[in-house]
Every structure is written in C-alpha cells, then in structure tokens.
Amino acid sequence: MNEKLATATFGNGCFWCTEAIFQQLKGVTSVLPGYTGGSVKNPSYREVCTGTTGHAEAIQIKYDPDVISYRELLDIFFYTHDPTTLNRQGGDVGTQYRSAIFYHDEQQKEDAETIIAQLTEEGVYDDPIVTEVTVAQVFYEAEDYHKNYYNNNKNQGYCRAVINPKLDKFLKKYGAKTK
C-alpha cells in the first residue's frame, strides 16, 4: 500500500450517490460516507437530516496522487453535481446537501479556488457557483448501513432513479479513469 495516500473531503449532495461515483476511480483506495462541517459531536443520520447540526453529508476519499490527482477529483466533483444550487441537490433539500469542499492543506484550498474561478470565467454554469471552500474539520463516519450503499442496494428505487443516471453521465466522460 502506498504510504503517500492523500485525503479529499467533499460535500456534494447525497453521499450514496457520491460514494458510488468516486469508488469507481483508479487510484481511489476508499470512499467513506459521513458528516462534517457542523458543530454537533458524533451526529447521527437522523440528526443530520434535520438540518440543525450544521453538518453536510460528505465523503472522505483516500487516493493515490500518483494515479489520480486532486485536480482530477475536483473536476469529477464539479461534473457530477450542481454547484450552483444553495443547500440542494435535486430533490434533496437542506444545508446537509450543500456543495462543499473541505480542504486538508493550502494546496487543496488553492486548487479548489482556482477551478471555481476557471469555471466561472468560462461560463460553464448559467448561475453562480455556491460551493463553499472551508478547512476540513472532524469527519464523523456514517452508520454502517450507509457504507457501500449503492453496491449493496442497486435494485432499490432511489438507486435506479437517481444514482444510475448520475453514474451513466459520469461513465460517459470519465470511463477511462475507472477501475
């Protein structure tokens, strides 16, 4: 195992969707769903769903930067969710579904701010990007039943209706980067 694994933490909507996408990438060794960015210690899913904890549903990615760069992860982050909707992704509404990059060092912060500026300058989105860029805080692992959710529940309605289309879109553009 590479001792030089790096960590990326993103909030980009439902962590069932985002985990399913990032798990498929070459160089990604693990994707853990959880909660971060709030003030409540050891929050539960039920608590986070109320929108009162300040936490976002998030994923923490361990990856090998020699195989996939942080910048590539950011490109996929922006491509696979809508960074222009405040506290919302599709039908999921609330601060827990906000678009957020939780950086682990100054280089990640700079990379995130640079890509946001580039996407804005290029007019990629019709509306302004509202993704917050904030320092990584304590990351609380989600309950076990959330882990590897898509792979364990592919026939569930939400997976078929919401996650499958996101995966299809992702694979069309980034299929060559998958395992």
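Readers should treat all values here as calculations from the given coordinates under stated rules, not as data from a laboratory. Just so we're clear, the structure is a prediction, and the values are computed from it rather than from any experiment. Here the Cβ is made from the backbone with ideal geometry for all residues, glycine too, and neighbour counts use every protein chain on show.
Charge dipole (Cα centre; +1 on Lys/Arg Cβ, -1 on Asp/Glu Cβ; no other charges) of the stretch 6-177 amounts to roughly 700 debye. GNM, the chain, Cα, under 10 Å: largest mean-square fluctuation among THR50, THR80, THR131? Most flexible of the set in this elastic network: THR50. For a paramagnetic label modelled at 7 Å from the Cα of ASP75 toward its Cβ, which residues of the stretch 159-174 fall within the zone defined by backbone nitrogen distances under 20 Å? Output list for this probe position: 166-174.
Among 164-172, 111-119, the peptide with the highest mean count of other Cβ atoms within 10 Å heads the list, and the full ranking is 111-119, 164-172.
The antiparallel fraction among DSSP beta bridges confined to the stretch 6-177 stands at about 85%.
Look at the dipole of the chain built from charges on Cβ: of GLY175, TYR35, GLN89, the Cα furthest out on the positive end belongs to GLY175.
For the peptides 90-97, 51-58, 132-139, the ranking by mean Cβ contacts within 10 Å, running from highest to lowest, is 51-58, 90-97, 132-139.
Each label was represented as a point 7 Å from its Cα along the Cα-to-Cβ direction; for ARG160 and VAL40 these points are 3.3 nm apart. Residues whose amide H lies under 5 Å from that of ARG88, counting only those 5 or more places away or on a different chain, are GLY94, SER99; hydrogens are built 1.01 Å from N in the peptide plane. Were the residues from VAL124 through TYR145 laid out at 0.36 nm apart, the gain over their Cα-Cα distance would be 4.0 nm. For CYS17, CYS49, CYS159, the sequence from fewest to most other C-beta atoms within 10 Å is CYS49, CYS159, CYS17. Between THR178 and LYS62, the simple spin-label model (points 7 angstrom out along Cα→Cβ) gives 2.4 nm. Between the stretch 61-86 and the stretch 1-51, the C-alpha centres lie 12 angstrom from each other.
Applying 0.36 nm per residue to the separation of GLU3 and ASP105 and subtracting their alpha-carbon distance, the gain on full extension is 35.0 nm.
Where in the stretch 76-104 does the label zone of THR50 land, with the point 7 angstrom along Cα→C-beta and an amide N cut-off under 18 Å? Output list for this probe position: 93-97. Indicate the gyration tensor shape class of the chain (rounded, prolate or oblate), computed on the Cα atoms with a ≥ b ≥ c the square roots of the eigenvalues: a/c under 1.5 is rounded; otherwise a/b larger than b/c is prolate and the rest oblate. It is rounded, given that a/c, with a ≥ b ≥ c, falls under 1.5.
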